[in-house]
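**Q** Sharing a structure below in structure tokens format, with a few things to ask.
The values are calculated or read from the model by the stated rules, or taken from the named source; none is laboratory data. Bear in mind the structure is a predicted one, so any value in this text is a computation, not a measurement. When we count neighbours, we look across all protein chains shown, and the Cβ atoms used for this are built from the backbone with ideal geometry, even at glycine. To get the accessible areas, we keep the full protein, side chains included, count just its heavy atoms, and leave off ligands, DNA and RNA. Shrake-Rupley method; radii C 1.70, N 1.55, O 1.52, S 1.80 Å.
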Amino acid sequence: MAVDDRFWDSIFQQYHGRLLRQVQKYLPTRDESHDVLQDLYVQLRHRNVDPAQIANPPAYMMRMATNLAIDALRRHKRNPLEFTDPAEISDMEGAGAQSVTPEQISADRQRLDIVKAAIDELPPRCREVFLLCKRDHLSPTEAAEQLGVSRNMVEKHLRQALRHCKQVLARHEN
């Protein structure tokens, strides 16, 4: 094992948790995030990048992880079934034969009302960011440009909004 490999192994292990959290911002499931980190590790090993040539190796890895996650997300948008569990696909194929019960419809409407109320509870700027990104499908960069704020601020508002909605839903489901 070369010195560079040991360096990248060490730093990858040291920052694994942060890298995982970064990737999970973009991808819907934990398995997909772990796949991206595996791809990152393989690329680090195969690129033969000299750590002495990199000003900030942790930031370099974070950028690589983010780029790989965005690439995976783009593939997901092009082919959503690529990210679907095969068991779920068989359930989807049989879904047309089953009818939705009035209870399921009612439960879904209640959940939707809960989410709408949670969104209404958000601070105005946070709600605006959330709606631009989730309802209007703007990227964080596009939302930041439209609102005249930084991308980091948009991402902060998105995290706050999602956390709030999850908390409200969890309270109502328990």
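**Q** Using the Karplus curve 6.51 cos²θ - 1.76 cosθ + 1.60 with θ = phi - 60°, what ³J(HN,Hα) values do you get for each residue of the stretch 143-156, in whole Hz, with x for Gly and Pro?
**A** In residue order, the calculated couplings are 5, 4, 5, 5, 8, x, 10, 7, 4, 4, 5, 4, 5, 4 Hz.
**Q** I would also like to ask the following. What nm distance separates the two modelled labels at His34 and Gln104, each placed 7 Å from Cα along Cα→Cβ?
**A** Output for this residue pair reads 2.9 nm.
**Q** Suppose R0 equals 35 Å. What FRET efficiency, 1/(1 + (r/R0)^6) with r the Cβ-Cβ distance, do Glu145 and Asp5 give to the nearest 0.05?
**A** Working: r = 41 Å, r/R0 = 1.16.
With a Förster radius of 35 Å, E is 0.30.
**Q** Counting each pair of different Cα atoms once, what's the Kirkwood radius of the stretch 1-42 in Å, rounded to one decimal? Walk me through the numbers before you get to the answer.
**A** Details: mean 1/r = 0.0926 Å⁻¹.
When all Cα pairs of the stretch 1-42 are included, the Kirkwood radius is 10.8 Å.
**Q** For Ile54, tell me the accessible area in Å² from a 1.4 Å probe, rounded to the nearest 10.
**A** 40 Å²
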